[in-house]
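What follows is a set of notes on a single structure, which appears directly below.
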Amino acid sequence: MGTHDRSQPALHWLFGDQLGPHFLRPNSDIVMIESRGVFRRRRFHRAKAHLMLSAMRHRAAELGDRVRYVQADTYRDGLAQAVGDAKVTVHHPTSHAALGFVRGLRQVEVLPPRGFLVQPEAFSRWAESVRGGRLRMEDFYRRVRREHDLLMDGDRPAGGRWNMDAENREPPPKDAAALPVPPPYRPREDAIDEQVRADLDRWERSGDVAFVGRDGPRRFPAGRAEARRALRAFVTRRLPTFGRWEDAMLAGDWTMSHSMLSASLNLGLLDPAECVEAAEAAYRAGDAPLNSVEGYVRQVAGWREYMWNLYWYLGPGYRDSNALGHRAPVPGWFADLDADAVQARCLSTTLAQVRDRGWVHHIPRLMVLGNHALQRGWDPAAVTDWFHRCFVDAYDWVMLTNVIGMSQYADGGRVTTKPYASGGAYINTMSDLCGPCAYRPAERTGERACPYTAGYWEFVHRHRERLAHNHRTARAVKQLERLGDLDDVLRNARRRDPDAAP
Ligand SMILES: Cc1cc2nc3c(=O)[nH]c(=O)nc-3n(C[C@H](O)[C@H](O)[C@H](O)COP(=O)(O)OP(=O)(O)OC[C@H]3O[C@@H](n4cnc5c(N)ncnc54)[C@H](O)[C@@H]3O)c2cc1C
Ligand code: SF4
């Protein structure tokens, strides 16, 4: 490549999740394509569609004359409209499908990925070197810390310990409706948002596209300046308490002390390096305790990088994993985010939060939504599609390993060593959700049996042979064998579901 006609400006294509300065190329004109087909193919959360379009249009407005912004049905049409058959460059896109597509176009030169700390080739080299092929996030994370000199004192981890997880699992404060923490940054909508809303209304009215969920006030940054403000607000006001309540839930506090920056990172508005560096600077300045800062760095430099790289390492076939043979469809009430159809307070509260904002933090994703899907044996590909459509921060690369692997154990244990199935006791310890619930977390039979507790035992029973051979779950099978009321539990396990037969 490198043979473009000097009389023409070089052209560089930005995908809709490549919106920060680190995706630009100096001296290139920019091409952006808004594809209506993306929204026609899938029923996305409307707040997600709003955020994606708003962010792209804000970027186009910032770039001004430098950008050729095209609205088209498909990327192929859009590219033809924007540049004809001229040569363009693009940074490595974030999905197998998009990478295959750009690689298949002769006019496109694909540049290395941006927006991550670790390149897929470096990850593959590390993964191939791991003895026995047993990859562990913890080993990868320590390597990233060393290589990027993150939170290190010389060659030792700051504070002498790599992992502060034990300090980061506090239940919420007793009798508190919300954490004593300042609220997260709130963006202000502008004329671009108004136009996006008008367009989405028009598309919906014409029957061209359909959405799920509510498009309330925009909660997440749509531009670089907003994202920088959100990062600053998190680091100065909320990072100090991030660690201790990382896993806690409160019915009346949907954000807790989380950063709310995943959507900005995944749109490319923020670079992970600036996020972890800002967190480390707060620690070095004595403004945030080590458990919070290590906890945050672990999420961004550890988990996020690990998931991104596993996506490429495990390949496109990973999407079809279904080690537990789960085939049940996702029911309509769940797909429609019909929180009112559900009695279980934890599930109803979480579904309502997803319906209203397209975001909940990692524990409701894993231990309420994912846990329920796993217990009920829903098809992992359908669950993955549901998460992808309903969450503002969801993209193919972050879905597969988080949902197929971490949440549904459909890969048989490549991402996590045991299934994240648990009964109501965990939710009861880590939240205020059970108190007013119609069910009791400790009961597995009878009128007030908790659907999570009964569902847990049904799950263990269904997969007892597999679980008995895993040293992390063998005890659960032994406990199952000692249950005197197992028949009753199995008969009643699904009685509380909205679509259960009366
Ligand atoms: C079933 C399931 C689905 C998920 N789907 C998504 C998703 O669609 N998009 C997404 O970005 N994250 C996803 N996650 C990971 C995590 O739940 C979210 O990143 C987090 O809740 C986002 O909120 P936050 O920015 O306040 O995060 P914080 O709690 O403040 O964490 C800090 C940052 O760490 C990163 N991070 C932490 N864990 C992960 C992870 N497992 N994978 C990728 N990044 C991580 C995110 O960028 C996040 O902003 C999922 C987790 C589960 C269990
Ligand atoms: S009792 Fe069971 S269903 Fe009710 S909130 Fe607690 S865990 Fe959820």
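The values are calculated or read from the model by the stated rules, or taken from the named source; none is laboratory data. Not measured: the values here are computed from a predicted model. Reconstructed Cβ throughout: ideal geometry from the backbone, glycine too, with neighbour counts over all protein chains shown.
Brief remarks follow.
- Any hit, region 364-385, residues being crowded, with 21+ Cβ neighbours inside 10 Å and assigned to a loop (DSSP other than H, G, I, E, B): no
- For the residues Arg59, Arg40, the requirement of being in contact (Cβ under 8 Å) with a residue 60 or more places away in the chain, under 24 Å from Leu269 (Cβ atoms) and either assigned to a loop (DSSP other than H, G, I, E, B) or out of contact with any Pro (no Cβ under 7 Å at 6 or more places or on another chain) (or both) singles out Arg59.
- Matching option when the condition is under 17 Å from Thr255 (Cα atoms), surrounded by fewer than 20 Cβ atoms within 10 Å (Cβ to Cβ), within 14 Å of ligand 2 (Cβ to nearest atom) and not charged (D, E, K, R), among Ala352, Ala339: Ala352
- The residue pairs whose first member lies in region 356-370 and is under 16 Å from Thr453 (Cα atoms), whose second member is of a type outside the set (Gly, Ala, Ser) and in a loop (DSSP other than H, G, I, E, B), and whose beta carbons are closer than 7 Å, counting only pairs six or more residues apart or on different chains, are Leu366/Tyr420; Met367/Tyr420; Gly370/Gln408; Gly370/Tyr420.
- Taking first residues from region 151-180 that are within 14 Å of Pro289 (Cα to Cα) and partners that are assigned to a loop (DSSP other than H, G, I, E, B) and among the basic types (Lys, Arg), the Cβ contacts under 8 Å between residues at least 6 apart in sequence or on separate chains come to Glu167/Arg244; Asn168/Arg244.
- Inter-residue pairs, beta-carbon under 9 Å, first closer than 19 Å to Arg284 by Cα and in region 235-261, second surrounded by fewer than 24 Cβ atoms within 10 Å (Cβ to Cβ) and aromatic (Phe, Trp, Tyr), 6+ apart: Arg237/Tyr185; Leu239/Tyr283
- In region 448-502, of all residues being of a type in the set (Val, Ile, Thr) and within 16 Å of ligand 2 (Cβ to nearest atom), the one that is farthest from Leu337 (Cα to Cα) corresponds to Val489.
- Scanning region 435-447 for residues that are more than 8 Å from ligand 2 (Cβ to nearest atom) and not hydroxyl-bearing (Ser, Thr, Tyr) turns up Gly435, Pro436, Ala442, Glu443, Arg444, Gly446, Glu447.
- The lone criterion from (1) buried (at least 22 other Cβ atoms within 10 Å of the Cβ); (2) of a type outside the set (Ser, Thr, Tyr); (3) within 16 Å of ligand 2 (Cβ to nearest atom) left unmet by Gly252 is number (1).
- Counted residues, region 79-96 - those being more than 29 Å from Val398 (Cβ to Cβ) and not acidic (Asp, Glu): 6
- A single entry from Ala474, Ala468, Ala454, Ala438 fulfils the requirement of being more than 15 Å from ligand 1 (Cβ to nearest atom), over 18 Å from the mean Cα position of the chain (by Cα), surrounded by fewer than 21 Cβ atoms within 10 Å (Cβ to Cβ) and touching a residue at least 12 places away in the same chain (Cβ under 8 Å): Ala438.
- Taking the listed residues Arg472, Arg444, Arg495, the one that is within 20 Å of Leu366 (Cα to Cα), outside any helix (DSSP H, G or I) and of a type outside the set (Asp, Glu) is Arg472, with no other qualifying.
- Close pairs from region 189-202: first without any contact (Cβ under 8 Å) to a residue 12 or more places away in the chain, partner of a type in the set (A, V, I, L, M), Cβ under 9 Å, at least 6 apart: Asp190/Ala222
- Residue check for Pro217: surrounded by fewer than 22 Cβ atoms within 10 Å (Cβ to Cβ), free of Cβ contacts under 8 Å to residues at least 60 places away in the same chain and in a helix (DSSP H, G or I): no
Conditions (1) within 20 Å of Arg304 (Cβ to Cβ); (2) assigned by TED's automatic domain parsing to the domain that holds Trp308; (3) of a type in the set (Phe, Trp, Tyr), marked per residue:
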residue	(1), (2), (3)
Trp126	yes, yes, yes
Val144	yes, yes, no
Pro157	yes, yes, no
Pro171	no, yes, no
Phe211	no, no, yes
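- Residues of region 386-432 that are closer than 25 Å to Ala493 by Cα, without any contact (Cβ under 8 Å) to a residue 40 or more places away in the chain and outside any helix (DSSP H, G or I): Gly423 alone.
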